[in-house]
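Visitor: Structure in structure tokens, see below.
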Amino acid sequence: MTIDTIRRINELSAIIDAKNYLEIGVWKGQVFNSLSFDGTKVAVDPRFKFDTQQYSSSKVLFYSTKSDKFFNGFRQDIKFDIVYLDGLHTYEQTFADLCNSLCFCRPESLILIDDTLPSDMYSSLRSQELCYEARRWSVQDNVEVSQKWHGDTYKVLYLINHYLRSYDYSTIVKSGNPQTVIWKRSLFNPEHKPPFKRFDNRELLHSLTENLGSINYIKTMESYGNIYNLSTEEDLFKYLREARK
């Protein structure tokens, strides 16, 4: 939900005294246009669903393009403190957006990823149209059908765990829309125990990432559910505040 995202970004910003902000996947701008930063705000979306001229300024920049093209052409000397990823709901594109974002981040930067915990099997399908159609097949006539769709974004957690080993992450649950926060592990005191159990079976993880096409939501929840590194918002933000070196 939008209100959860805004609250979390504001809290994460306060932890690191964030100045610059990047959002990938802006759509109607409910989140982006509700946030205030002292530095530069950058919005990237192929098709904004609002009049960006109303909000544009020398420090509020809108790029109407796909994220890959944006990163290929972005030349401004900006390091983003907070990044919010809510773009295409596939794990490949989300991982690409994450890796590209890290090139424009400081070591202290925090990244928030949306859509990492599907609400059900249907919402985990790669196709939004198939998600809605399959869900309609499963309910009786005249029953309201959920419009939730997350895609297979959740698979990005396998890739983060396996390939970005200098980073840590945790998925927030029990306080609204689940989302995943990512941070540089070395900047946090190892004596402070994180409020989650890490997925740390390297041999298994290698096998899983090599075969992500065969991993689905049901199998993830049944066998590899701790890939999420689950924690509550309160516990995670307390850790991020107190464990920083």
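Visitor: Summing -39500 (n - 2.57) over the DSSP H runs of n ≥ 4 in the chain and dividing by its residue number, what mean residue ellipticity at 222 nm do you reach, to the nearest 500 deg cm²/dmol? Walk me through the numbers before you get to the answer.
Guide: Details: 8 runs with 78 residues, N = 245.
My calculation for the chain gives -9500 deg cm²/dmol from helical runs alone.
Visitor: While we're here: Under 17 Å between alpha carbons, and skipping anything fewer than 8 positions from residue 148 in its own chain: which aspartates and glutamates qualify?
Guide: By straight Cα distance, residue 148 reaches 4, 86, 114, 115, 120, 129, 133.
Visitor: Now, a different point. From Cα pairs below 8 angstrom and at least 6 apart in sequence, can you work out the relative contact order of the range 9-168, rounded to a whole percent? Display every interim value, and only then the final one.
Guide: Details: 253 pairs, mean separation 32.4, N = 160.
Once normalised by length, the contact order is 20 percent.
Visitor: Can I ask one more? In nm, what is the difference between 0.36 nm times the number of residues separating residue 90 and residue 201 and their Cα-Cα distance? Walk me through the numbers before you get to the answer.
Guide: Details: separation 111, 0.36 × 111 = 39.96 nm, distance 2.41 nm.
Contour length minus Cα-Cα distance gives 37.6 nm.
Visitor: For the cross-link pairs 28/66; 19/193; 155/238, which exceed 19 Å when the distance is taken from alpha carbon to alpha carbon? Display every interim value, and only then the final one.
Guide: Numbers: 28/66 16 Å; 19/193 28 Å; 155/238 27 Å.
Violating the 19 Å Cα-Cα cut-off are 19/193; 155/238.
Visitor: Please give the length that would be gained between residue 72 and residue 245 if that part of the chain were fully extended, namely 0.36 nm times their separation in residues minus their C-alpha to C-alpha distance (nm, one decimal).
Guide: Values: separation 173, 0.36 × 173 = 62.28 nm, distance 3.34 nm.
Gain in length upon complete extension: 58.9 nm.
Visitor: When the solvent-accessible surface of protein heavy atoms is calculated with a 1.4 angstrom probe, in what order do 99, 131 fall, highest first? Present the calculation step by step, with values, prior to reporting the outcome.
Guide: Values: 99 45, 131 0 Å².
Largest to smallest exposure gives the sequence 99, 131.
Visitor: A follow-up question, please. On the accessible surface of the range 2-42, probed at 1.4 Å, how many percent belong to carbon and sulfur atoms? The partial results should precede the final answer.
Guide: Values: 780 of 1590 Å².
C and S fraction of accessible area: 49 percent.
Visitor: The range 92-245: D in µm²/s via Stokes-Einstein (Kirkwood Rh, Cα pairs, 25 °C, 0.890 mPa s)?
Guide: Details: Rh = 16.7 Å.
Calculated translational D: 147 µm²/s.
Visitor: Right, something else. Return the carbon/sulfur percentage of the accessible area of the range 118-188, one whole number, probe 1.4 Å, all protein chains in place. Intermediate values should be presented prior to the final figure.
Guide: Numbers: 1770 of 3480 Å².
With neighbouring chains kept in place, the figure for the range 118-188 is 51 percent.
Visitor: For a Förster distance of 30 Å, can you work out the FRET efficiency between the beta-carbons of residue 56 and residue 121, rounded to the nearest 0.05?
Guide: On the way: r = 41 Å, r/R0 = 1.36.
After rounding to 0.05, the efficiency reads 0.15.
Visitor: Where Lys and Arg each count +1 and Asp and Glu each count -1, what net charge lies around residue 216 among other residues with Cβ under 11 Å from its Cβ?
Guide: Numbers: positive: 126, 155, 219; negative: 152, 222.
Residues close to residue 216 contribute a combined charge of +1.
Visitor: Something else now. How large is the accessible surface per residue of the chain, computed with a 1.4 Å probe and reported in Å² as a whole number?
Guide: Per-residue accessible area for the chain comes out at 51 Å².
Visitor: Subtracting the Cα-Cα distance from 0.36 nm times the residue separation, let me have the gained length for residue 136 to residue 166 in nm, one decimal.
Guide: Values: separation 30, 0.36 × 30 = 10.80 nm, distance 4.24 nm.
Full extension of this stretch gives 6.6 nm more.
The values are calculated or read from the model by the stated rules, or taken from the named source; none is laboratory data. Note that the coordinates shown come from a computational prediction; the quantities given were computed from them, not determined experimentally. Backbone-built Cβ (ideal geometry, glycine too); neighbour counts: all protein chains shown. Side chains included, ligands, DNA and RNA excluded: accessible areas come from the protein's heavy atoms. Shrake-Rupley method; radii C 1.70, N 1.55, O 1.52, S 1.80 Å.
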